[in-house]
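Values quoted throughout were computed directly from the atomic coordinates according to the rules given, and no laboratory measurement underlies them. These numbers come from a predicted model, not from an experiment. As a convention, Cβ positions derive from the backbone with ideal geometry for all residues, glycine included, and neighbour counts pool all protein chains shown.
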Amino acid sequence: MITRFAPSPTGPLHLGHAYSALFAHDMARAAGGTFLLRIEDIDQSRARPEWESQIYDDLAWLGLTWPTPVMRQSDRLPAYAAALDTLWARGLLYPCTCNRRDILAAASAPQEGAAMGPDGIIYPGTCRVQSRTGPRPLDTALRLDMNKALQAVDTETFYGAGNQHMTDNIGDVVLSRRDMGTSYHLSVVIDDAAQQITDVVRGADLREATPIHVLLQHLLQLPTPTYHHHRLIRDDAGKRLAKRDDARAIATYREGGATPADIRQLVGLPLHLAK
Ligand code: GLU
């Protein structure tokens, strides 16, 4: 078994991250497997080296260990480009020049408002008519043509009646952001495969993204790991924790004198893990 914790260095880790990391770590250890860490820093406008160092400090303080060197997504752009080239050559991607306002305007019927998917408003398909011939454009966002993608894999086996769900509730997701050369969905799929992750442990907030990842695995002929979506840690008001919630940052607990065992207790995990 190989599990992983894949944080983005865009703020302090909080109790929800601690739960996810400890969960993935304990699961691998209990099975005699390996726990890996991956830094998801594709958004270079938000990633900061100091947050990355704090991730290492917080996780080490919690008692976690992982093999080094750690995979960092900012080092992996050639692998993402190769996958985009493959999908582009198959006519499954198209360039999209819409901004947020264009999408909102095109998606909202006057009375209904826009339907929401895992990435926000479901894309209304405005740019689907754009040319897909020639070299892959590098200066615009690229979207997956969901209909074509579903046709390209043996979807009956995997989704069956779920195809309609994919087009209606997920739609043409962005696989390459402008100025980024990739997207969360593409990177996470390529890297889980590269690191031979057998079990993905992550929060229930990402459950809706999992069918996108499974579809990409079929398109790119990558193995599908087992997905475990754990409950979300909430604050006293029942809201899920956000990066800016400093009161629940692991560092805040640490500075306030809490022990790693206190953190385990707070998130409801057993205190003793198999070494
Ligand atoms: N990097 C993502 C995050 O910080 C998690 C990715 C995943 O577990 O699939 O929420």
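For the chain, a Gaussian network of Cα nodes joined below 10 Å ranks 47, 79, 106 by mean-square fluctuation, and the top entry is 106.
With all pairs of different C-alpha atoms in the average, the Kirkwood value for the hydrodynamic radius of region 1-124 is 17.6 Å. Using Cβ point charges alone (K and R +1, D and E -1), the dipole size of region 1-156 about the Cα centre works out to roughly 360 debye. Dividing the summed -39500 (n - 2.57) terms of all DSSP H runs of n ≥ 4 by the residue count of the chain sets its mean residue ellipticity at 222 nm at -11000 deg cm²/dmol. Along the Cα-to-Cβ line of residue 251, 7 Å from the Cα, sits a label point; which residues in region 50-77 have backbone N less than 18 Å from it? Within reach of a label on residue 251, which here means backbone N under 18 Å from a point 7 Å along Cα→Cβ, region 50-77 contributes 50-63. Just checking the listed ones, 259, 224, 34: in the Gaussian network model of the chain with Cα springs under 10 Å, the one fluctuating most is 259.
In this structure the amide hydrogen of residue 143, modeled in the peptide plane, comes within under 5 Å of the amide hydrogens of 94, 96, 175, none closer than 5 places in sequence on its chain. Taking the DSSP bridge list for the chain and keeping only pairs wholly inside it, about 50 percent are antiparallel. As a proxy for reagent exposure, ranking 255, 208 by other Cβ atoms within 10 Å from fewest up yields 255, 208.
For the options 69, 118, 225, a Gaussian network treatment of the chain with springs between C-alpha atoms closer than 10 Å singles out 69 as fluctuating the most. Taking the Cα centre of the chain as reference, the dipole from Cβ charges on Lys and Arg (+1) and Asp and Glu (-1) amounts to some 60 debye.
Each of 53, 66, 104 was scored by the projection of its Cα onto the charge dipole of region 1-113, and the greatest displacement toward the positive side belongs to 104; charges sit on the C-beta of Lys, Arg, Asp and Glu. Using 1/(1 + (r/R0)^6) with R0 = 41 angstrom and r between the beta carbons of residue 116 and residue 31, what's the FRET efficiency to the nearest 0.05? Working from the Cβ atoms, E equals 0.65.
Along its principal axes, region 140-275 has C-alpha extents of 55, 35, 29 angstrom, given from the largest down.
Viscosity 0.890 mPa s, temperature 25 °C: what is the translational diffusion coefficient of the chain from Stokes-Einstein with a Kirkwood Rh over Cα pairs, rounded to a whole number of µm²/s? In µm²/s, the coefficient is 122.
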